Amino acid sequence: MEQRHLGRTGLRVSRIGLGTLTWGRDTDEHDAADLLKTFWEAGGTLVDTADVYGDGEAEYLLGRLMEGLVPRRDLVISTKAGSVPDPDRRFDGSRGHLLAALDASLARLGTDHVDLWHVHAFDPETPLEETLQALDIAVSSGRARYAGVSNFCGWQLAKAATWQLAAPGLRTRLASTQMEYSLLQRGVEREVLPAALDLGIGLLPSSPLGRGVLTGKYRGDAMPPDSRGASEHLAPFVEPYLDDTAGRIVDAVATAADGLAVTPLQVALAWVRDRPGVVAPIVGARNAQQLTGALSVEALSLPDEICRALDDVSAPVHRYPDHDWSTL
């Protein structure tokens, strides 16, 4: 699998990442082992997790699999911290919480460092410089090799990255930002992606298949019984992308797939993988067969006319001040 540099750093990662959101909950150890082995054998390196996935079980399971299945040295392990199970405060970006969470992640993963550590979301109740200092301490102490943020909007990302760049050598530059990005969710193109491109930050798209909708499995009001849309706890996650607008985009993806003799999954994933600023979409598969289908996109590059057609049908509305005012 092709490797790409993560932002303006020397870290190289596979251009498709493996997500572990359901590990330890919907994905058991046997299926997780199949997924990790399939990914590794295909040349994949970037494995993404978080301390809250499966209430910590995802990290624990990944750590167990690294002991005897896949060498730790062959993987780029990314995890996140900052989300908390508190209805009154969803995110805690305090230095104390973040560093304690990192230590707990390392214990579950069974490793002395992660390759990439993200702040899971912006915490408006903690000074940003305090949150960012946790990244500096993590990198300077060797507990993390690189650092990034997740779910920061445009101004938050730009402020954080600029703060880090203001003291080179003392503060660790942001390597990446993880955000939802797909043909069904192009909101990052307004401000996040321009900021990331300008500041040398690599984008790691989550939900690159539109929470599974872009595979076409829900066309015609279909609801496969084993799908996320039919899952009691994941149905609300899928439901926003089952409207008429999404349906038109999914139909266009299916038409393109038919013309290229590939699957809608491959078309949707290739589109986001090759967007400017994107380093590696994070794919969460239910089993090895699904993952193999996603990894087969390695050989696919979409023709320019297909990309333009998909761009047009999924184009978000950008008006003042997101676009150059002189063109409006």
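FRET efficiency for A100 and D221, Cβ-Cβ distance as r, R0 = 41 Å, nearest 0.05? Present the calculation step by step, with values, prior to reporting the outcome.
Numbers: r = 46 Å, r/R0 = 1.13.
It comes to 0.30.
Quick check: residue separation of E125 and R90 times 0.36 nm, minus the Cα distance between them. What number comes out in nm? Display every interim value, and only then the final one.
On the way: separation 35, 0.36 × 35 = 12.60 nm, distance 1.08 nm.
Computed gain between E125 and R90 is 11.5 nm.
Once you mark the GluC sites (Glu not before Pro) that are in a DSSP loop and have at most 15 other Cβ atoms within 10 Å, what is the longest gap between them in the chain? Numbers along the way, then the final one.
Values: sites that count: E2, E125, E232.
The longest such stretch corresponds to 3-124.
In a Gaussian network model over the chain where Cα atoms closer than 10 Å are linked, find which of V250, V149, V313 has the largest mean-square fluctuation.
V313
Report the extension gain between L300 and S140 in nm, rounded to one decimal, defined as 0.36 nm multiplied by the number of residues separating them, less their alpha carbon distance.
On the way: separation 160, 0.36 × 160 = 57.60 nm, distance 3.97 nm.
Taking 0.36 nm per residue and subtracting the Cα distance, the gain is 53.6 nm.
Given R₀ = 51 Å, FRET efficiency for D258-L170 by Cβ-Cβ distance, to 0.05?
Details: r = 54 Å, r/R0 = 1.07.
For R0 = 51 Å, the calculated efficiency reads 0.40.
Give a residue-ordered list of calculated ³J(HN,Hα) values for the stretch 172-184 (Karplus: 6.51 cos²θ - 1.76 cosθ + 1.60, θ = phi - 60°; whole Hz; x for Gly, Pro).
Once θ is set to phi - 60°, the couplings for the stretch 172-184 become 7, 5, 6, 8, 7, 9, 10, 9, 5, 7, 6, 4, 9 Hz.
With runs of 4+ DSSP H residues as the only contributors, calculate the mean residue ellipticity of the chain at 222 nm using -39,500 (n - 2.57) per run, divided by the residue total and rounded to the nearest 500.
Values: 11 runs with 122 residues, N = 328.
The helix-only estimate for the chain comes to -11500 deg cm²/dmol at 222 nm.
Using a basic spin-label model with each label point 7 Å from the Cα along Cα→Cβ, how many nm lie between R248 and Q289?
3.5 nm
Ordered by packing density, taken as the mean number of other Cβ atoms within 10 Å over each peptide's residues, highest first, how do 256-262, 198-204 rank? Display every interim value, and only then the final one.
Numbers: 256-262: 15.0, 198-204: 22.1.
Ranking the peptides 256-262, 198-204 by packing returns 198-204, 256-262.
Would you mind getting me the FRET efficiency between R8 and D28? Use the beta-carbon distance for r and R0 = 51 Å, nearest 0.05.
Numbers: r = 39 Å, r/R0 = 0.76.
Calculated value: 0.85.
Per residue, how much accessible surface does the chain expose to a 1.4 Å probe? Answer in Å², no decimals. Spell out each step's value before the answer.
Working: 14590 Å² over 328 residues.
Computed with neighbouring chains in place, this is 44 Å² per residue.
Once you list every other residue whose beta carbon is under 15 Å from the beta carbon of I201, what net charge do they have if Lys and Arg are +1 and Asp and Glu are -1? Before the final figure, lay out each step's value.
Values: positive: R4, R8, K159, R171, R173, R275; negative: E189, E191, D198.
Here the charged neighbours net out to +3.
Jot down the radius of gyration and Dmax of the stretch 168-281, Cα atoms only, both in angstrom.
Computed over the Cα atoms of the stretch 168-281, radius of gyration and Dmax are 16.1, 55 Å.
Carbon and sulfur: what percent of the chain's accessible surface (1.4 Å probe)? Before the final figure, lay out each step's value.
Working: 7410 of 14590 Å².
Carbon and sulfur atoms account for 51 percent of the accessible area of the chain.
DSSP beta bridges in the stretch 145-254, what fraction antiparallel, as a percent rounded to 5? Don't jump to the answer; show the numbers that get you there.
Working: 1 of 11 bridges.
Around 10 percent of the beta bridges assigned by DSSP in the stretch 145-254 are antiparallel ones.
Mean Kyte-Doolittle of at least 0.0 and a Cα length of 15 Å or more along the axis: which whole DSSP H helices of the chain meet both? Don't skip to the answer; put the middle values down first.
Details: long enough: 29-41 (18 Å, -0.67); 57-68 (17 Å, -0.17); 95-109 (21 Å, 0.62); 128-140 (18 Å, 0.63); 154-165 (16 Å, -0.07); 244-260 (24 Å, 0.50).
Passing helices, by number: 95-109, 128-140, 244-260.
Please check which bits of the stretch 58-97 a label hung off E41 would reach, taking the label as a point 7 Å along Cα-to-C-beta and the cut-off as backbone N under 15 Å.
69-71
Rounded if a/c is under 1.5, else prolate if a/b beats b/c, else oblate: with a ≥ b ≥ c from the C-alpha gyration tensor eigenvalues square-rooted, which is the stretch 1-160?
prolate
The values are calculated or read from the model by the stated rules, or taken from the named source; none is laboratory data. Just so we're clear, the structure is a prediction, and the values are computed from it rather than from any experiment. So basically every Cβ, Gly included, is an ideal-geometry build from the backbone, and we count neighbours across all protein chains shown. All accessible areas refer to the heavy atoms of the entire protein, side chains included, with ligands and DNA or RNA removed. Shrake-Rupley method; radii C 1.70, N 1.55, O 1.52, S 1.80 Å.
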